[in-house]
Amino acid sequence: MSVSLHQRLHERLLQLHEERPDLEAALDLQRNLLARELELTEVFLAGGLPRLSLPARYLAAKLGNGIPALHGEPVPLPQQLLTLAVRDFCERLNTGRTAGAAQAIQAAFDGHLDPAAVISACFGRDQHRVRALAEHASVTPDLLWLVAELSVAPLAHLLQRNIFADAAVAAGTPLGDALARWDRGFCPACGSWPALLEATEDGHTLRCSFCAMGWTLSSYRCAYCANDGESFLTAAPNPEIPGRRLQLCGECGGYAKVLDLPAPTEFPLVAIEDLASLDLDMAAIERQYGRPALPTIRKSATRPHAW
C-alpha cells in the first residue's frame, strides 16, 4: 500500500475535522476502522491473493448476461485471517452507540454464531443470509453486516483490481469490450450498489460501496430501477455548499449522492467521502427516500469447457 494513500487519508480526515466539527466522533471512529482496512490490504498483498480460475472470455460472457464478475464464484477465502479481522472490528466498534450491539456480536461469535458463515455470505453479497444468521443469534443485522463487510472489502477490492487489470480490459479484448458495454446500476465486479457518483466534466462515475470499482451508465437515469422520466429528479439540499447533489427517484424511492470530486476515489477512501456527505443522506431520508437492498442477481453464467 502506497505511503501516498496513507497520507491522503490522513490529510482528508484532518480537513474534515476542520470543516465538520459535528462529525468529530464519527471521523475518529472512521480513522480507526480504515486504518485496519489498510492493514488488511497490506497483509493480502504481502501474502498473495486466492488463485481464481476466471478466463477472460468466461468473465466477458458473465458481464454480457448481466452477472458481476465475482458473483457466484467459489472464491477460497482466508477464513482464519478474516475471522480475526471480524473480531477486531467488533472491538473497534465497541464504543459509543454501537458498544452494546458490538459486544453482543462478540459474545455470539464465542457461542453458536459461525464467523466463517457470516464472512462467506457477506462476500457473496447475500444480505438475506446474514440477516437470518443475525436473527438466529439475536444480534443487530446491520452491524453484523458492517463488521463482515469491513473485513472482506479489502480482499474484494484487490480481486476486482486484478480481474480488471489494464491489460485485461484494454479496448478490443473480450473482457474490455464487455466491461465497456456494462450498463447497469450495480457493480460489474461484486454486484453492490454505488456509495456515490463522482461528477467530472466527462460525466458521472458510479463508485462501488464495497470494492471501490468505478463504472458508468450510458444515460442519465436512476441506478436502481433505470427510471429516466419526470419523476427522476436532481436536488441540491444545501445550495450554500456547491458540488453536492441528490438524485431522487419517484418510481423506486431510491436516492444517490452526486459529488464533484477532483479525482477518482480510491479504496478505502470511498467511506470517507460517504461520511463527509452524511447531510445529503439525512436530507434524502427526510424526503422519504432510501437506499434499496442489494439487487437479486441470478447465480452465474455457464462456463463452457473450452474456457
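Details
- Per-residue SASA entry for Thr234, accessible area with 1.4 Å probe, Å² rounded to 10: 70 Å²
- Percentage of interatomic Cα-Cα distances in segment 21-74 larger than 16 Å: 64 percent
- Value of Rg to Rh for segment 154-305 (Rh from inverse mean 1/r over Cα pairs, i.e. Kirkwood): 0.98
- Shown for segment 39-180 is the translational diffusion coefficient from the Stokes-Einstein equation, using the Kirkwood radius over Cα pairs, a temperature of 20 °C and a viscosity of 1.002 mPa s: 131 µm²/s.
- Here the Karplus curve 6.51 cos²θ - 1.76 cosθ + 1.60, taken at θ = phi - 60°, turns the phi angles of segment 192-199 into couplings of 7, 6, x, 6, 6, 10, 8, 9 Hz, with x standing for Gly and Pro.
- Nonlocal amide H pairs with Leu196, under 5 Å, H built at 1.01 Å: Arg207
- Among Asp260, Asp142, Asp281, the sequence by solvent-accessible area, most first, with a 1.4 Å probe is Asp142, Asp260, Asp281.
- Taking every C-alpha pair closer than 8 Å and separated by at least 6 residues, the mean separation divided by the residue count of the chain gives a relative contact order of 18 percent.
- Surface/4 estimate of mean projected area, convex hull on alpha-carbon atoms of the chain, nm²: 16.6 nm²
- HN-Hα J in Hz across segment 101-106 - Karplus 6.51, -1.76, 1.60, θ = phi - 60°, x for Gly and Pro: 5, 5, 5, 5, 5, 4
- Solvent-accessible area of Ser53 with every protein chain in place, 1.4 Å probe, in Å² to the nearest 10: 80 Å²
- Carbon and sulfur %, accessible surface of segment 38-177 computed with the full protein complex present, 1.4 Å: 51 percent
- Per-q log10 I(q)/I(0), segment 137-228, q = 0.10 Å⁻¹ (Debye; single scatterer per alpha-carbon; no solvent): -0.31
The values are calculated or read from the model by the stated rules, or taken from the named source; none is laboratory data. This structure is a prediction, so every number in the text was calculated from the model and none was measured. Heavy atoms of the whole protein, side chains included, go into the accessibility calculation; ligands, DNA and RNA do not. Shrake-Rupley method; radii C 1.70, N 1.55, O 1.52, S 1.80 Å.
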